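Colleague: Here it is, the structure, as structure tokens.
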Protein chains: 2
Amino acid sequence: MPMSDSGNTDILIDISTAILRAHEGELQFRALEDAGKSAKRLPFGPFMPDRHRTMEISLRQWVREQVGVDLAHVEQLYTFADQGRYRSGESDERHVVSVGYLALARAEDAGGGAWDNLYRHFPWEDWRNGRPDVLDAVILPALDNWLGQHDHAAERVRLAFGRSEAQWDEEFVLERYELLYQAGLIEEAARDGRITPPPQMALGAPMQLDHRRILATALGRLRGKLKYRPVLFDLVPDRFTLRALQETTELVIGASLHKQNFRRLVEKSGFVEATGETNRARGRPAELFRFRHGNRADRPLAGLRVSGGRKTSRAP
Amino acid sequence: MPMSDSGNTDILIDISTAILRAHEGELQFRALEDAGKSAKRLPFGPFMPDRHRTMEISLRQWVREQVGVDLAHVEQLYTFADQGRYRSGESDERHVVSVGYLALARAEDAGGGAWDNLYRHFPWEDWRNGRPDVLDAVILPALDNWLGQHDHAAERVRLAFGRSEAQWDEEFVLERYELLYQAGLIEEAARDGRITPPPQMALGAPMQLDHRRILATALGRLRGKLKYRPVLFDLVPDRFTLRALQETTELVIGASLHKQNFRRLVEKSGFVEATGETNRARGRPAELFRFRHGNRADRPLAGLRVSGGRKTSRAP
DNA sequence: TTATTTATACTCAAAATGAGCATAATTGAG
DNA sequence: CTCAATTATGCTCATTTTGAGTATAAATAA
């Protein structure tokens, strides 16, 4: 972006969308397969400014028509313009800038098509059953080793992965992914020619292009947003039990919560109201709630702060 | 972004940067003047992908060389691609997509050049001396009136501006700006031909293009980020008194805080350490602190939650 | 010296949080 | 029909965190 003269590079903008839903105990995203490629990809397509007034509107329409999903929430994530890092091997002579979007869908509105388990691509992010083994078994040793030649990154590693317990900030999804990429623990890094491939170490299932980075951005953003906007309700059905809402929350943040406190939190928030109906399932029937749009709460919107799972273990 | 065929529209990407600093009791941004135009603008320039590896790196360099400011923090805000809304009257036949950035500078590193008071463009956002008069005198009545023909927006208005007291969410800067724009209370709306101009009502100082929208995005983002990342320290000098840190916080959030509680919050956060030195000023000398990089705090980063100013007045 | 100004220390009640225990309302097995 | 298992919901309680003061300390200016 220098001084004058608007260099006449041809630029192509494409829009890539991480469409998430909560379904069958998994946090899933819409994944497409291309013949001949084992790695999947996100739905994406070129942005044509002469045909669409805004990116978001056209994205919604395009996703509904081409991907068959009705989107509840849509949010722009980030514009990736790095050159020469991803997309090596592609043969478009134009420069590609890609705008990443996060979209949420309710399982009901999700149509057919293939959905993939998000945590299959980010196994180190799922702490619902405690600290993932891969962290101590693979990631931390490998990062320690990598830090040998790259000790300037020590602070970043400490921040992203913590050292001891309870230092894990679940929002740092992207920071962790990028560190793993740079340290050569991500298959895409080898593919992009960034590092000699150590394929036996590759963590999580790879994806095409930089789509795993977009997914990481999406997950991090969603985890953050949860805490201050009622975005969860775009992932659950119209009527839901508190149990379902909690499960969805746990899916997103990748940690488990204390049931009674979660209930207290949600009820107090003013976001939900009981419908009077109940569901029928295994144990005692649960009351069905619905999202309360015009919330009368004092605090404007707020979100849900997490609690349980990981110990808050303060140093002695 | 439809199905196939990558329509051959020429696209120009430019990068516009809201560079903020805290100086002389004001939240300021770097503003440029163009001969013959009364409205100012943000620094911006074309992005040329063949010359720069990433937008952020080139932005830093370009801002240092061309604008004379050393940036502390840089963060991508949003990519605006709306067509036909802003930039009417410009005569570039190419479609312009603009990527907005937020950058923070310390007053010391800010060089010469013109800086403008941010709240001059957003007078309704500054609550440091209580609720701004313009809200009840102009904005709410005008919005009420506008809602007559546009009652579908009632919920948005309620959310953005609250109805009674203490419903104000300081992060909704962009939502408020866009509502005012749509309601024709913003001069840019008349300029863009969106509304018959009622110039006696125009709120805040206008800017060129959509730069006030970018500023609104920047302020909203910064206010949000404050609360969960230690980004404040990119606005204060190397050593600072707690008083200075508090003033900076108040500038950003546009509200005043309780001094003793702010001190408690900051000290407990683990972000600062005393240097032993003190400053000399009017009253009792204050201790000088510095930012503590390798924070030993348990909670990964956290930020500063606000308190004082506006009453928390819960309904009776 | 004294009033003024700013910084810092402490207190205290109210609210929020983290962790349990206790009880209620179902279904499925025998 | 009764009991065990299962899930939902209600309630308690100690601890922290927050909001709002009061009190004291260390300067400067008059």
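Colleague: Once label points are set 7 Å from the Cα along Cα→Cβ at both B:Arg282 and A:Arg282, what is their separation, rounded to one decimal in nm?
Modeller: Here the modelled spin labels are 6.6 nm apart.
Colleague: Another question, if that's okay. Please calculate the 1.4 Å probe accessible area of B:Lys268, with all protein chains present, and give it to the nearest 10 Å².
Modeller: 130
Colleague: Still on this structure: Starting from the Cα gyration tensor of region B:15-73, take the square roots of the eigenvalues, sort them a ≥ b ≥ c, and report rounded, prolate or oblate (rounded when a/c is under 1.5, otherwise prolate if a/b is larger than b/c, else oblate).
Modeller: Oblate.
Colleague: Ok, one more. Give me the number: length gained by fully extending A:Asp70 to A:Glu24, i.e. 0.36 nm times residue separation minus the C-alpha to C-alpha distance, one decimal in nm.
Modeller: Here the answer is 14.7 nm.
Colleague: I've got another one for you. Going by accessible area, probe 1.4 Å, with all protein chains left in place, what is the ranking of A:Met201, A:Met55, largest first?
Modeller: On the way: A:Met201 65, A:Met55 10 Å².
Putting A:Met201, A:Met55 in descending order of accessible area: A:Met201, A:Met55.
Colleague: Between A:Arg239 and A:Arg131, what is the label-to-label distance in nm when each label sits 7 Å out along the Cα-to-Cβ direction?
Modeller: Inter-label distance under the simple model: 4.4 nm.
Colleague: I've got another one for you. List the accessible area buried at the contact between B and A, summed over both sides and calculated with a 1.4 Å probe, in Å² to the nearest 100.
Modeller: Using a 1.4 Å probe on protein heavy atoms, the buried area is about 5400 Å².
Colleague: Still on this structure: In the structure displayed, which of B:Lys227/B:Lys268; A:Lys40/B:Lys227; B:Lys40/B:Lys227 lie more than 26 Å apart, Cα to Cα?
Modeller: Working: B:Lys227/B:Lys268 15 Å; A:Lys40/B:Lys227 36 Å; B:Lys40/B:Lys227 30 Å.
Flagged as over cut-off: A:Lys40/B:Lys227; B:Lys40/B:Lys227.
Colleague: Which of rounded, prolate, oblate describes region A:11-117, given a ≥ b ≥ c as roots of the alpha-carbon gyration tensor eigenvalues and a/c under 1.5 marking rounded, otherwise prolate only if a/b is larger than b/c? Write down the numbers at each step before the final one.
Modeller: Numbers: a/c = 2.00, a/b = 1.35, b/c = 1.48.
Cα axes put region A:11-117 in the oblate bin.
Colleague: In square angstrom, rounded to the nearest 10, how much accessible surface does B:His293 have for a 1.4 Å probe?
Modeller: Around 130 Å² of this residue is reachable by solvent.
Colleague: Not counting ligands, DNA or RNA, and with a 1.4 Å probe, what is A:Glu175's accessible surface area in Å² rounded to the nearest 10?
Modeller: 90
The values are calculated or read from the model by the stated rules, or taken from the named source; none is laboratory data. Values in this document were obtained by computation on a predicted structure and should not be read as measured data. In this analysis, Cβ positions are derived from the backbone assuming ideal geometry, glycine residues included, and neighbour counts consider all displayed protein chains. For the accessible areas, the whole protein counts, side chains as well, though only heavy atoms, and no ligand, DNA or RNA atoms are used. Shrake-Rupley method; radii C 1.70, N 1.55, O 1.52, S 1.80 Å.
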